[in-house]
Every structure is written in C-alpha cells, then in structure tokens.
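First comes the structure, then the notes that go with it.
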C-alpha cells in the first residue's frame with residue numbers, strides 16, 4: 001500500500017472528515033478499482049481504530065441503482081456522495097461506475113454513434129436538472145463552474161444610482177448659487 005500524507009495526518013488527528021476526503025480522492029487515481037489500493041487504505045485506517053464507515057446509506061439513492069449507463073459526471077457525483085456518506089453502498093456505487101466507465105473491456109465496443117447521442121441527451125437533461133438543483137448544493141462541481149453575473153449587475157446598478165444622486169446633488173447646489 002502506498003503511504004498518503006493526508007491519510008497519515010488524518011489518522012494522527014483522528015479527523016474522520018479529512019480521512020474520507022483523502023480516501024475518496026484515491027478513487028480518482030484508480031478509477032476502475034483495478035488494484036486494491038482503495039480497500040487497502042480503508043483497512044489501514046480502520047486498523048488504527050478509526051471508525052471510517054457510516055452504518056447506513058443516507059441521502060440520495062446511489063447512481064448505479066438509478067441508471068445503467070454512466071458518464072464522467074455520474075462518477076464525480078458518486079465520489080462526492082461517498083465523501084459525505086462513507087458507507088458500503090456508496091463504495092459499491094463508485095466501484096460499479098468506475099469499472100463500467102474506466103475498466104478494460106474484453107468485448108468489442110458498442111456502437112459509438114448511438115452511445116454519443118445517448119450521452120449528449122443525458123447531458124442535456126442533466127444540465128436542466130443541474131440548473132434546478134444547484135441552489136440546493138446537490139451538484140458541487142456544476143455550481144463551482146457557474147459564472148457569478150448577479151454580483152456584477154448589482155454593483156453596476158448601485159454605481160449608476162450613486163452617480164445619479166451625485167449629479168442631482170451638484171445640480172441642485174448650482175441652481176441655488
């Protein structure tokens with residue numbers, strides 16, 4: 001097993017949240033779970049007397065229970081949910097999606113054209129869902145990539161209003177003179 005500074009620090013500080021974050025990130029370095037690194041690190045942490053896993057599934061259904069075809073966003077969402085609710089069901093969800101998306105395929109690839117069309121349709125539907133659910137914090141990656149034009153508009157309106165007030169004040173002062 002490879003040693004991870006974040007894991008060692010989390011164990012030293014008994015910081016379960018930091019450990020879940022660090023171990024969840026391992027999913028990105030071995031997306032298809034082709035080696036046992038993820039599970040070895042989980043066992044290592046637990047062998048140090050730290051209760052890492054939640055007893056039950058909390059929150060949204062695992063993605064692999066809802067869908068059978070996956071994309072990068074599904075994997076990201078599953079890892080995000082795993083970090084929030086580190087339980088066996090979430091681990092299995094990430095593993096299932098990772099193996100399906102990134103695992104080596106022995107069989108011939110399916111019809112690429114239909115798969116691309118299906119992914120585009122799913123992404124289009126997902127964008128609509130993301131736009132509705134970003135305020136609820138359900139899609140953190142989508143939320144972090146949204147431009148924040150509202151603040152710019154408010155600042156612009158306040159600046160224009162301030163200039164109008166100043167012009168009116170100066171104008172009324174000149175009229176009195």
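The values are calculated or read from the model by the stated rules, or taken from the named source; none is laboratory data. Note that the coordinates shown come from a computational prediction; the quantities given were computed from them, not determined experimentally. In this analysis, Cβ positions are derived from the backbone assuming ideal geometry, glycine residues included, and neighbour counts consider all displayed protein chains.
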Which residues, taken from the range 1-24, are under 18 Å from residue 79 (Cα atoms) and either free of Cβ contacts under 8 Å to residues at least 12 places away in the same chain or touching a helix residue (DSSP H, G or I) at 6+ places or on another chain (Cβ under 6 Å) (or both)? 6, 7, 17, 18, 19, 20, 21, 22, 23, 24
Taking the range 21-46 only, how many residues are surrounded by 17 or more Cβ atoms within 10 Å (Cβ to Cβ) and farther than 22 Å from residue 102 by Cα? 2
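Which of the residues belonging to the range 40-53 are in a loop (DSSP other than H, G, I, E, B) and under 16 Å from residue 85 (Cα atoms)?
Scanning the range 40-53 gives 50, 51, 52, 53.
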Step by step: first the residues of the range 142-177, then only those that are closer than 30 Å to residue 80 by Cβ and either in contact with a strand residue (DSSP E or B) (Cβ under 6 Å, 6 or more places away or on another chain) or assigned to a loop (DSSP other than H, G, I, E, B) (or both), then the one that is modelled with the highest pLDDT. Which residue is that? 148
Mind listing whichever residues of the range 1-20 are surrounded by fewer than 15 Cβ atoms within 10 Å (Cβ to Cβ) and under 14 Å from residue 83 (Cβ atoms)? 17
Could you check, for the range 30-42, whether at least one of its residues is over 17 Å from residue 91 (Cα atoms) and at pLDDT 90 or above? no
Among helices (runs of 4 or more DSSP H) completely within the range 54-133, the ones holding 2 or more residues that are crowded, with 17+ Cβ neighbours inside 10 Å and modelled with pLDDT of 90 or more are 63-66, 72-84, 88-102
